[in-house]
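Every read-out reported here was derived from the displayed coordinates using simple, explicitly stated rules and does not represent laboratory data. Computed from a prediction, not measured in an experiment: that's the story for all the values here. All Cβ positions, glycine included, derive from the backbone under ideal geometry; neighbour counts span all protein chains shown.
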Amino acid sequence: MPRLKPHIQRQRREHILEAAEQCFARAGFHRTTMQDICREAGVSPGALYIYFDSKEGLIEGIAERDRAEFQRRFEAVANAPDLMAALTNLCNQYFVEEPPHKRLMCIEIGLEATRNKRVGEIYRSVDTLVCDSFESLFQRLADAGRIAPELSIPALARVCMTIGDGLFWRRATDPAFDSNSVLPAVLGVIEGLLKPVSILDTAETSARRTRRPLHDTD
């Protein structure tokens with residue numbers, strides 16, 4: 001059998017991951033079988049096992065893909081001149097635009113992480129990446145005088161993550177929850193914690209610090 005071209009392999013792998021997400025969201029991790037995923041993806045068991053050795057391997061593949069997606073989205077926040085506008089866009093991507101099966105799948109993986117050592121390690125690696133990313137960003141902004149939080153930077157990152165976890169859970173478990181109506185208030189709370197300083201204010205403060213006196217004094 002001829003070897004598939006790399007881009008075809010990537011497409012097939014992604015197709016299997018999408019099928020696994022749908023199955024995990026619909027039936028849960030334990031009730032889903034590899035055969036279920038094969039049927040959802042329309043592939044044979046042999047084709048599936050070329051890419052993934054187990055359901056845990058599928059979770060690892062999903063996490064690897066989601067880490068890359070988070071890093072791509074977070075880069076836009078880290079490089080944005082308007083912090084709150086960038087955070088608003090990030091929140092909309094995760095808490096408004098994400099399809100329902102993805103939030104259910106995230107909850108399912110989180111629960112499985114409490115029982116399954118391998119899944120727990122995968123889950124915590126993603127959690128650590130997200131926390132470290134926010135902590136690094138907030139520290140850089142604080143050092144540049146662009147935010148003036150009262151909390152320590154590590155505590156600030158943890159609080160923001162806890163708020164995000166709550167939104168994930170509420171969206172997954174409450175069919176009546178309207179994230180669009182809640183998100184402005186949530187962002188207001190985050191803004192209050194960050195206490196952003198405008199770029200113009202930061203530039204003026206920097207100029208005052210470096211401005212030379214008009215007259216020399218003895």
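General observations
- In range of the label at residue 198: residues from region 85-100 whose backbone nitrogen is under 20 Å from the point 7 Å along Cα→Cβ: 85-88
- One chain, two ends: residue 72 and residue 27. Fully extended at 0.36 nm per residue, the span grows by 13.2 nm beyond their Cα-Cα distance.
- Between residue 124 and residue 9, the C-beta separation translates, for a Förster distance of 30 Å, into a calculated FRET efficiency of about 0.55.
- Estimated inter-spin distance, residue 101 and residue 65, nm [label 7 Å along Cα→Cβ]: 1.0 nm
- Sequence-distant contacts, meaning Cα pairs under 8 Å at least 6 residues apart, place the relative contact order of region 55-210 at 27 percent.
- The simple spin-label model puts a point 7 Å past each Cα toward its Cβ; for residue 148 and residue 161 those points are separated by 2.8 nm.
- Of (i) 1.11; (ii) 0.95; (iii) 1.30, the label for Rg/Rh (Cα atoms, Kirkwood Rh) derived from the coordinates: (i)
- Cα-centred dipole magnitude for region 1-53, charges only on beta-carbon of K, R (+1) and D, E (-1), debye, nearest 20: 200 debye
- Scanning the chain for DSSP H helices at least 24 Å long along the axis (C-alpha atoms) with a Kyte-Doolittle mean no lower than -0.5 picks out 117-143, 153-173.
- Positive-end residue, region 1-137 charge dipole about Cα centroid, Cβ charges, pick of 27, 114, 88: 27
- Placing +1 on each Lys and Arg Cβ and -1 on each Asp and Glu Cβ, with no other charges, gives region 122-180 a dipole about its Cα centre of roughly 60 debye.
- Each Lys and Arg contributes +1 and each Asp and Glu -1, all at the Cβ; summed about the Cα centre of the chain, the dipole is approximately 560 debye.
- Ordering of 101-107, 147-153 by burial proxy (mean other Cβ atoms within 10 Å per residue, highest first): 101-107, 147-153
- Computed extension gain for residue 115 through residue 50, at 0.36 nm per residue and net of the alpha carbon distance, reaches 20.7 nm.
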